[in-house]
Each structure stands twice: as C-alpha cells, then as structure tokens.
Amino acid sequence: MSAILHYSTKTLSLNTGAKIPQVGLGTWQSKDNDAYKSVVAALKDGYRHIDTAAIYGNEDQVGQAIKDSGVPREEIFVTTKLWCTQHHEPAKALDQSLKRLGLEYIDLYLMHWPVRLDPNYVKDGNVLSVPTKADGSRPVDITNWNFIKTWELMQELPKTNKVKAVGVSNFSINNLKDLLASPGNQLTPAANQVELHPLLPQNELIDFCKSKGIMVEAYSPLGSTNAPLLKEPVVLEIAKKNNVQPGHVVISWHAQRGYVVLPKSVNPDRIKTNRKVFTLSDEDFEAINNISKEKGEKRVVHPDWSPFEAFK
Ligand code: NDP
C-alpha cells in the first residue's frame with residue numbers, strides 16, 4: 001500500500017520562543033552557482049529554513065538566493081556558524097557573515113566546533129580556512145582559550161539584534177555540562193547541531209538536550225556525501241513496501257523523532273523529495289532504530305581537530 005506523503009511545514013519551538021521549521025536545507029559542499037540554485041529552488045519549493053556556515057564559502061550565494069527568491073526575509077529561518085579561527089571575535093565574525101549574506105540579522109548563530117584553531121597559523125590572513133602547523137598537525141588552542149570563553153562572548157550577541165538566537169554545534173553531553181555549569185554562563189544554547197542519523201542515533205544526547213531545553217539539529221541526516229544510508233537494505237525494503245523513495249523513509253524517521261533535520265542537496269528533485277514525509281508504522285520505525293544496534297554505530301564527520309571529548 002502506498003504511504004501518504006505530505007510536505008513538512010511543521011515548526012518546532014526554540015527556548016527563545018522563536019519557531020524553527022523542522023526540515024531545513026543543508027548547504028555544506030554546495031559551491032558557487034550550485035549553492036545559489038539550490039537555495040532558490042528550495043525556497044520556491046516551500047523550504048523556509050536554510051543552514052550555512054562561514055567556512056562553507058557560500059554565504060554570498062546563499063544570501064543572494066534568499067534575496068532573489070522573492071520570499072520575504074522574515075519568513076525564512078537562516079542559520080550560520082562561527083568558524084574555529086574566530087572564537088575570540090564572534091561579534092566581528094558575525095558582522096562579516098551578515099555582510100557576505102547581505103542580511104540584517106541571522107536567526108541562529110552557532111559555534112561550529114567546541115575548539116579554537118589558532119589563527120596565527122592561517123595562510124595569507126584567510127581565517128576561513130583550516131590552519132596547519134609546520135609539522136602537519138592542527139593548531140588546536142587549548143592553552144590560551146576554551147569554548148566557555150567563546151560562549152561568554154557569543155551570549156552577548158542577541159542583545160545587538162543582529163542575531164535572534166545563539167547555539168552550539170558538535171557539542172557532547174560533557175561539553176554542554178561544562179558550558180552550563182561555568183560561572184560566566186548566562187544563556188542556555190538554543191540549539192546543538194550534531195551528526196545524527198540511523199547509524200548514529202544519539203539517543204542520550206537527544207534526551208540530555210531535551211531536559212535542558214536545547215533544540216537538537218541533525219546534520220548529515222542521510223549519512224553525508226552520496227547519502228549512504230539510502231542504500232541500507234532495511235531502508236530500501238521500507239521504501240518499497242510503502243511505495244516511497246528511500247529519502248522519504250529516512251527523513252520521516254528523523255521528523256518522527258521530533259528534532260530539526262537538515263538534508264543537503266543541490267538537485268531540485270531531491271530537494272523536493274527531502275521535504276516530503278509520511279508516518280512510519282511502529283514496526284518500520286523500530287526497524288530503522290535497530291540498524292545501529294545490529295551494525296554498530298558509525299560517525300562520518302570526524303575532522304582531525306575534534307577533541308575526543310566532543311564525541312563522548
Ligand atoms: P546529507 O546527509 O544531507 O547528505 C548529502 C548527500 O546526499 C549529498 O551527496 C546529496 O547529493 C545526497 N542526497 C541528498 N538527498 C538525496 C536523495 N533524496 N537521494 C539521493 N541522494 C541524496 O549530508 P551533509 O553532510 O551535507 O549534512 C547536511 C547538512 O548539515 C550540511 O549540508 C550542513 O548544512 C550541515 N552540516 C553541519 C556540520 C556541522 O559541523 N555543524 C557538519 C556537516 C553537515 P546531491 O546534492 O547531489 O543531491
């Protein structure tokens with residue numbers, strides 16, 4: 001029997017009171033004209049949530065696409081992220097992102113990683129890069145800096161009205177506990193954007209964030225580049241049984257779990273597919289939950305500057 005698909009228009013509430021559309025368009029690895037075209041296509045298709053980052057190198061194109069889409073700015077939820085080399089200057093970095101995007105405010109500004117990379121090692125002054133030391137290692141700065149200092153600066157940003165909410169990304173439960181317990185902390189992050197998919201279901205982190213009022217956002221929801229999770233036999237079987245595409249199955253599983261999900265695509269048909277959801281039966285939902293129990297968990301995004309702590 002065919003499942004009944006519908007376009008997701010659901011919004012969830014942040015701890016600021018703002019509404020965030022549950023399904024947003026990811027833009028990592030969306031370059032140049034592809035980034036522009038995918039954002040225009042998504043907004044014309046009904047997406048109202050776009051996720052970018054300073055380090056993606058596409059804020060210019062994303063901002064231009066938002067303008068050209070004709071969709072009023074206030075109807076779109078825009079997220080961008082503070083890069084690791086700018087942890088000591090989030091106010092300046094935010095101004096730079098706003099300039100590239102051509103926007104007056106960001107809806108959500110995230111600390112991209114809980115790690116500062118020493119900007120003294122960047123080449124040609126390009127802070128939007130991943131610096132390397134002469135020995136090939138990353139200049140992770142743990143002597144002079146930590147993410148609590150970064151957060152103390154970030155929590156001031158909403159007062160400027162240049163950003164409506166601030167949050168974090170790639171934070172473990174321990175990272176969040178440290179941040180929340182720090183004496184200078186005055187603001188609970190609005191969101192924690194983390195890798196999350198059937199092979200990395202993050203159940204404990206989701207429960208912890210829920211208990212603290214922090215919205216979870218799932219990145220790499222399809223398993224990242226080339227969407228490997230859409231080839232999982234269990235996913236293919238459920239898609240066939242319900243007469244839908246594998247993408248519908250995985251996005252619907254995420255949506256049913258009640259957090260934000262950020263599939264990336266530069267392909268107009270896939271962009272459409274990824275916002276369509278249906279209600280999975282208890283049996284199908286459980287079968288997807290069981291994938292990681294049977295195969296073991298797998299993390300796809302683990303750059304060499306990540307502290308082990310970030311993954312606990
Ligand atoms: P996704 O899990 O969204 O997968 C993207 C890949 O799947 C692309 O290769 C895409 O190709 C393909 N794809 C998308 N939809 C379909 C479909 N329906 N059928 C078949 N293939 C499909 O990976 P990402 O790692 O990009 O994660 C999503 C977003 O999360 C990012 O774009 C970014 O915004 C955010 N992110 C944040 C991180 C962080 O550190 N905070 C880290 C990583 C991601 P194509 O484009 O050709 O369709």
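The values are calculated or read from the model by the stated rules, or taken from the named source; none is laboratory data. Remember, it's a predicted structure, so these values are computed and weren't measured experimentally. For neighbour counting, all protein chains shown are included, and Cβ atoms are generated from backbone atoms with ideal geometry for every residue, glycine included.
Could you please give the count of residues in the stretch 122-162 that are assigned to a helix (DSSP H, G or I) and surrounded by 15 or more Cβ atoms within 10 Å (Cβ to Cβ)? Break it down stepwise before answering.
As a first pass, look at the stretch 122-162 and keep what is assigned to a helix (DSSP H, G or I): 147-154, 157-160.
Keeping just the survivors that are surrounded by 15 or more Cβ atoms within 10 Å (Cβ to Cβ) gives 147-154, 157-158.
Residues that pass the stated criteria total 10.
From the list T85, T80, the lone residue that is outside any strand (DSSP E or B), on the phi < 0 side of the Ramachandran plot and not acidic (D, E) is T85. Per the conditions (1) surrounded by fewer than 19 Cβ atoms within 10 Å (Cβ to Cβ); (2) in contact with a Leu (Cβ under 6 Å, 6 or more places away or on another chain), the sole criterion not satisfied by Q202 is (1). Out of all the residues in the stretch 210-258, which are crowded, with 17+ Cβ neighbours inside 10 Å, without any contact (Cβ under 8 Å) to a residue 40 or more places away in the chain, over 19 Å from the mean Cα position of the chain (by Cα) and more than 8 Å from the ligand (Cβ to nearest atom)? Across the stretch 210-258, the qualifying residues are A239, V249.
Considering the stretch 172-209, the residues that are outside any loop (DSSP other than H, G, I, E, B) and over 19 Å from the mean Cα position of the chain (by Cα) include one that is farthest from the ligand (Cβ to nearest atom), namely A181. Being modelled with pLDDT of 95 or more, under 22 Å from N161 (Cβ atoms) and more than 15 Å from the ligand (Cβ to nearest atom), is that true of even one residue in the stretch 32-48? Within the stretch 32-48 (the criterion being modelled with pLDDT of 95 or more, under 22 Å from N161 (Cβ atoms) and more than 15 Å from the ligand (Cβ to nearest atom)), the answer is yes, since at least one residue qualifies. From the list L199, L179, which one is in contact with a strand residue (DSSP E or B) (Cβ under 9 Å, 6 or more places away or on another chain), of a type outside the set (D, E) and touching a residue at least 24 places away in the same chain (Cβ under 8 Å)? The conditions single out L179.
K264 falls short of the stated requirement of being among the basic types (K, R) and surrounded by fewer than 18 Cβ atoms within 10 Å (Cβ to Cβ).
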